[in-house]
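Q: Got a structure for you, written out below as structure tokens; questions coming shortly.
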Amino acid sequence: MFSKLTDRDSIDEVIKAMSLEEKARLVIGDSPFRTKGMEQYGIPALVVMDGGTGFNSIQDEQEKAFRAYCKRRSIAGNPVSEDEFVSGMECLDTNKLSALADGKVKAPDLGEMLETRPLTALGCYPPGMFLAATWNPEVISRCGRALGREANSLGIDILLGTPNVNIHRDPLGGRIFEGYSEDPCLVSSLAPAFVKGIMEGGVIANVKHFAANNQETGRMGINEHISERTLREIYLPGFKACVDAGCQTVMSAYNKINGTACAMNKWLLTNVLRDEWGFEGFVMSDWGAAYEEAPAIEAGNDLIMPGPRTSAPLIKAVRNGTLPESVLDDAIRNYLKVLLETPAVKGHLTPDDIDPEEGIRAAYDAACEGITLLKNDGVLPLAEGSKVAFYGRHSREMIASGEGSAEVRTSLNTNVYDAASKLTGEGNVTFGEVREDTDAIIVTVSARGQEGFDRESLAMPDEDRTALYNATAESKRLGLPLIVLLNVSGPIDIADWEPEASAIVCEFFPGMQGGPAMADILFGKVNPSGKLPLTFPKSYGVTPAKDNFGGDGIELTYEEGIYIGYRYYDRHPEAVMYPFGHGLSYSEFEFGEISASVDGGKIAVSVPVANTGLREGSETVQLYVSAPAGKLDKPEKELKGFAKLKIASGETGTAVICVDKEDLASFDEEEGRWVLEPGEYEFMAGASAADIRCSVRVQILA
Ligand code: BGC
């Protein structure tokens with residue numbers, strides 16, 4: 001008679017009934033994107049796939065290929081054993097499969113499996129960098145909810161990378177488009193909204209990659225030397241905020257921190273995550289990041305992904321006493337507690353439960369809020385009926401998200417060319433050709449974002465450079481305004497061509513609704529309100545981590561410490577192309593008199609903001625705080641809160657931003673704790689990190 005998992009109270013009974021072999025098996029993935037099911041104990045297998053921007057159907061195909069492979073191996077009389085490592089490539093190796101199946105089954109056609117896969121109508125939501133540019137938790141939450149519901153209906157239990165909160169340490173980082181910001185306060189204020197939405201969708205959220213996973217160079221196991229203060233102040237807060245918001249799973253990263261791989265790092269996974277932050281969910285490794293099984297479980301990495309993978313080292317470690325069985329039991333307990341909350345147990349939604357319009361609306365609203373107007377000499381918005389000539393391949397084929405785990409294959413993507421044709425009339429739009437009556441030239445340029453590779457430079461691809469060159473030449477020849485759209489994974493070189501552009505609009509990777517949102521902004525149907533979640537530097541040579549980014553692929557020191565992003569650029573203003581927090585509107589906003597009140601441990605700052613422009617618009621009031629001189633070296637200022645206000649023309653709104661006293665503390669390594677130094681702090685309200693409009697001093701007692 002087996003004990004069955006029914007509720008939390010039954011977990012210990014189930015663990016007691018399990019053999020050591022079963023326990024070891026349960027904490028290791030069963031296949032590329034599934035965990036182990038044990039029917040005898042009422043434990044279902046969980047489907048665990050990416051991701052943060054939409055359902056990754058490529059992984060679904062990989063999982064299917066693996067299953068097909070297992071089936072063929074069985075037919076061939078050589079079944080895949082639970083301990084066998086099977087690479088993805090092996091599953092798709094048609095020659096091997098045919099030989100194995102010995103003509104008994106038709107081998108799958110590789111081309112058929114990978115290339116001719118039909119596109120389906122899957123939602124593609126903006127990645128983290130774009131979401132952060134919205135500075136709007138509400139719209140982020142709606143994207144999360146729609147995505148969560150959709151994934152739920154497709155059979156997913158845990159949606160990976162919801163969110164990815166790795167900090168934008170360096171603009172060349174291949175995956176920075178997935179992460180939210182260079183600033184921990186902005187990440188911590190927004191990413192939890194995504195967690196909330198995902199949870200509302202009924203699937204389990206997953207925050208990744210814990211921690212300081214900031215480059216793809218040497219991505220499996222690069223050893224990062226980072227000071228504790230830097231980790232605590234910059235690289236960890238986003239994770240803590242998601243844990244505080246109820247995120248039930250954390251993915252441990254590939255890299256090492258100060259000599260120990262994250263998935264085997266007890267300080268990180270147990271001391272900080274569980275003991276200090278009170279995390280009650282489970283930790284799963286990134287795919288292949290638990291380099292050794294027993295040390296991973298011992299450190300607090302509860303689930304080792306993916307499978308199949310041998311469980312022999314775990315069994316051996318328990319038998320020889322190097323891994324206490326109670327630690328393995330703890331891992332299972334953590335895992336089963338969350339498993340009870342999954343759709344696999346509670347029931348999945350069905351496709352009939354999904355309103356596809358909900359996702360499209362959320363993606364459109366997010367796109368409208370995040371597209372960021374960087375420069376405008378008055379050419380925008382374009383008048384209704386304007387005739388425009390588009391250049392650049394991505395005007396017609398917008399990059400909605402980056403490549404790798406965050407990639408979504410879908411038929412729902414849009415582009416600005418089609419959307420503009422619809423808006424201003426098909427006859428008013430051309431591609432690659434300027435007519436006599438053309439009013440403006442619009443060119444899209446790009447920068448690739450890709451898991452597995454960092455960018456080599458901030459240069460745009462040659463094809464885009466040529467398009468920009470041609471568009472610029474035509475604009476000069478005919479005296480037409482040039483509007484440049486940035487469909488980019490992050491900053492690119494702008495300084496050399498910026499003077500030629502009348503307007504520059506950054507759409508990052510905007511998700512499936514980027515096309516209509518961009519067209520609506522260009523033609524003034526929507527007033528832009530995005531703000532940069534990271535600094536755009538003048539060139540790569542002036543960036544803070546340039547001297548050690550990438551390292552030698554094996555070792556790397558975060559020499560810049562806490563001085564990344566505007567914390568660095570505030571001391572080097574000449575290096576900035578567009579500052580953190582920058583973004584223009586078609587309206588103008590005037591900041592009134594700032595005031596602050598202190599109530600116990602809370603400081604409330606109010607700033608009236610008047611919309612002096614002619615149309616309704618949104619302004620994001622950013623509250624930065626400057627600390628008095630004290631024991632610890634502090635940045636010039638740090639973001640501590642913000643409020644995005646929608647204000648009608650001629651009206652005044654009030655931003656009220658509350659800051660906890662503790663949020664002003666810094667981590668003192670000597671004392672091994674957060675320390676709040678008393679004194680007079682300056683609270684500054686700005687429209688960007690380089691555009692402070694007013695400030696007030698507040699006496700803070702320790
Ligand atoms: C990536 C993760 C991803 C995982 C599963 C890894 O290679 O680093 O971000 O979630 O694969 O697809």
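The values are calculated or read from the model by the stated rules, or taken from the named source; none is laboratory data. Fair warning: this is a prediction, and the values are worked out from it, not measured in the lab. Cβ atoms come from the backbone with ideal geometry, glycine included; neighbour counts cover every protein chain shown. With ligands, DNA and RNA removed, areas are computed over all heavy atoms of the protein, side chains included. Shrake-Rupley method; radii C 1.70, N 1.55, O 1.52, S 1.80 Å.
Q: May I ask you to derive the relative contact order of the chain, considering only C-alpha pairs under 8 Å and at least 6 residues apart, and to give it as an integer percent?
A: Dividing the mean separation by the residue count of the chain yields 14 percent.
Q: About the Cα centre of the chain, how large is the charge dipole given +1 on each Lys and Arg Cβ and -1 on each Asp and Glu Cβ? Please answer in debye to the nearest 20.
A: In total the dipole reaches around 940 debye.
Q: So what's the net charge close to T162: Lys and Arg +1, Asp and Glu -1, counting the other residues with Cβ under 10 Å from its Cβ? Write out the running numbers ahead of the final one.
A: On the way: positive: K208; negative: D50.
Every neighbour counted, the sum reads 0.
Q: Can you compute the modelled spin-label distance between K64 and D660, with each label point 7 Å from Cα toward Cβ, in nm?
A: It works out to 4.7 nm between the two label points.
Q: What net charge do the residues around I226 carry, taking every other residue with its C-beta under 13 Å from that of I226, with Lys and Arg at +1 and Asp and Glu at -1?
A: -3
Q: Still on this structure: At 25 °C and 0.890 mPa s, what whole-number value in µm²/s does Stokes-Einstein give for the translational diffusion of the stretch 36-82, with Rh from the Kirkwood sum over Cα pairs?
A: Values: Rh = 12.7 Å.
Reported coefficient: 194 µm²/s.
Q: Using a 1.4 Å probe on the protein chains only, how many percent of the accessible area of the chain belongs to carbon and sulfur?
A: Percent of accessible area from carbon and sulfur atoms in the chain: 49.
Q: Determine the percent antiparallel among the DSSP beta bridges restricted to the chain, to the nearest 5.
A: 60 percent
Q: Moving to a separate point now. Any idea what diffusion coefficient the stretch 589-700 gets from Stokes-Einstein, in µm²/s, Kirkwood Rh on alpha carbon pairs, 10 °C, 1.306 mPa s?
A: D, rounded to a whole number, is 107 µm²/s.
Q: Something else about it: Looking at the stretch 18-351, what % of its DSSP beta bridges pair antiparallel, to the nearest 5?
A: Here the share of antiparallel DSSP bridges comes out near 25 percent.
Q: May I ask for the net charge around R448, where only other residues with Cβ less than 9 Å from the Cβ of R448 are counted and Lys, Arg are +1 while Asp, Glu are -1?
A: 0
Q: If R₀ is 56 angstrom, what is the calculated FRET efficiency for the pair E574 and D353, using the beta carbon separation as r and rounding to 0.05?
A: My answer for the efficiency is 0.55.
Q: Give the residue list of trypsin sites (Lys or Arg not before Pro) in the stretch 1-91 that are DSSP loop and have at most 15 other beta-carbon atoms within 10 angstrom.
A: Here the sparse-neighbourhood loop sites are K4.
Q: With n ≥ 4 as the cut-off for DSSP H runs, can you work out [θ] at 222 nm for the chain, using -39500 (n - 2.57) per run divided by the number of residues, rounded to the nearest 500? Don't skip to the answer; put the middle values down first.
A: Values: 20 runs with 191 residues, N = 702.
Counting only the DSSP helices, I get -8000 deg cm²/dmol.
Q: Moving on to the next point. Which of the listed residues, S421, L160, I140, is farthest toward the dipole's positive end in the chain, when Lys, Arg count +1 and Asp, Glu count -1 at the beta-carbon?
A: Positive-most Cα among the choices belongs to L160.
Q: Moving to a separate point now. With the dipole of the chain worked out from charges on the C-beta (+1 for Lys and Arg, -1 for Asp and Glu) around the Cα centre, which of G592, C658, Y180 lies farthest toward the positive end?
A: Y180
Q: P(r) for the chain: what percent of alpha-carbon pairs falls in each 20 Å bin, starting at zero?
A: Bins of 20 Å from zero give 18, 50, 28, 5, 0 percent of pairs.
Q: Then there is this: At a Förster distance of 35 Å, what's the computed FRET efficiency of A459 paired with D633, Cβ-Cβ distance as r, to 0.05? Each step should come with its number before you reach the end.
A: Values: r = 35 Å, r/R0 = 0.99.
Efficiency, rounded to the nearest 0.05: 0.50.
Q: No solvent, one uniform scatterer per C-alpha: report log10 I(q)/I(0) for the stretch 371-578 via the Debye equation at q = 0.10, 0.13, 0.18 1/Å, two decimals.
A: Summing over Cα pairs of the stretch 371-578 leads to -0.45, -0.74, -1.29.
Q: Related question: How much length is gained on full extension from A383 to L478, taking 0.36 nm per residue of separation minus their Cα-Cα distance?
A: On the way: separation 95, 0.36 × 95 = 34.20 nm, distance 1.90 nm.
Contour length minus the Cα-Cα distance gives 32.3 nm.
Q: Could you order peptides 514-522, 458-466, 416-424 by the average number of other Cβ atoms within 10 Å of their residues, highest first?
A: Ranking, from highest mean packing down: 514-522, 416-424, 458-466.
Q: Sticking with this one: Of all the Cα-Cα pairs you can form in the stretch 18-351, what percent are over 26 Å apart?
A: Of the Cα pairs, 48 percent sit more than 26 Å apart.
Q: Applying a 10 Å radius around every beta-carbon, put 372-378, 645-651, 501-507, 304-310 in order of their mean neighbour count, most first.
A: Ranking the peptides 372-378, 645-651, 501-507, 304-310 by packing returns 501-507, 304-310, 372-378, 645-651.
Q: Express the accessible area of the stretch 589-700 per residue in Å², computed with a 1.4 Å probe while the remaining protein chains stay in the model.
A: 46 Å²
Q: Which one, S386, F667, V80, is farthest towards the positive end of the dipole of the chain when Lys and Arg carry +1 and Asp and Glu -1 on their Cβ?
A: V80
Q: Also: Taking every DSSP beta bridge that has both residues in the stretch 371-578, what percent is antiparallel when rounded to the nearest 5?
A: Numbers: 6 of 25 bridges.
Among the beta bridges of the stretch 371-578, antiparallel pairing accounts for roughly 25 percent.
Q: Binning every alpha carbon pair distance of the stretch 464-566 at 10 Å from zero, what are the percents per bin?
A: 12, 33, 32, 17, 6, 0
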